[in-house]
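Quick notes on the structure that follows.
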């Protein structure tokens, strides 16, 4: 990577950090298990919708044992509004079973172990590792994928390839925060359908060819 691009990326990082100095996952949770379950639910669903469901869910089902014993219909009813509830309910129940059988009911703290759990991909694993265990990880959700492409930080569309592209250009101690900076930025400014390009504080550093609102 040339010095000019290095400087551009450094400026992007500095500006995002100044705009969003205190970032954390928006999924409400009290422990690692709750965050794991909530992140599984967040697939193709907003954090706000997940947060509207989890209070009642975690009131009725508090532990891996509770999820493992619960009838699948009960779980489906509790999570119905998050969408794809049949598959998500199976994943929650099966994930709880594996946690009990292999990890004594505890959430593992390595990405290799986490991605072996039902319903858990690299995105979910990195959310848990960063938020609970403070282990560096690059979370690639739809916001991170979209904005990293627009900013010219990757040319890939595959989330895993984007993850490794970003890990190559962002310092490891910023991986967790950088993902969250882009998520906050994506919700407030650089949305999918109509980014607010004229008022964007990264406009001068952005390589997105289809900027809006300049005509």
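No lab work stands behind these numbers, since they all come straight from the coordinates. All figures in this text were calculated on a predicted structure; none of them were measured in a lab.
Values as computed for the structure displayed
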quantity	calculated
Computed over the stretch 32-133: relative contact order in percent, which uses C-alpha pairs under 8 Å that are six or more apart	30 percent
In degrees, nearest ten, helix 3-19 long axis to first principal axis of the chain (Cα)	60 degrees
Rounded, prolate or oblate (a/c below 1.5 giving rounded, otherwise prolate when a/b exceeds b/c) for the stretch 32-133 by Cα gyration tensor	oblate
Helical mean residue ellipticity (222 nm; -39500 (n - 2.57) per DSSP H run of 4+; nearest 500) of the chain	-17500 deg cm²/dmol
Segment residue 106-residue 63, extension gain: residue separation times 0.36 nm, minus the distance between their alpha carbons	14.5 nm
The chain: angle of helix 32-41 to the longest principal axis, Cα-based, in degrees nearest 10	70 degrees
Gaussian network model of the chain, springs between alpha carbon atoms under 10 Å - residue of 166, 92, 202 with greatest fluctuation	202
Alpha-carbon centroids, the stretch 178-215 and the stretch 122-165: separation in whole Å	17 Å
The chain, relative contact order in percent, only Cα pairs under 8 angstrom and at least six apart counted	18 percent
Between 0 and 90°, nearest 10: helix 47-60 axis offset from the chain longest Cα axis	20 degrees
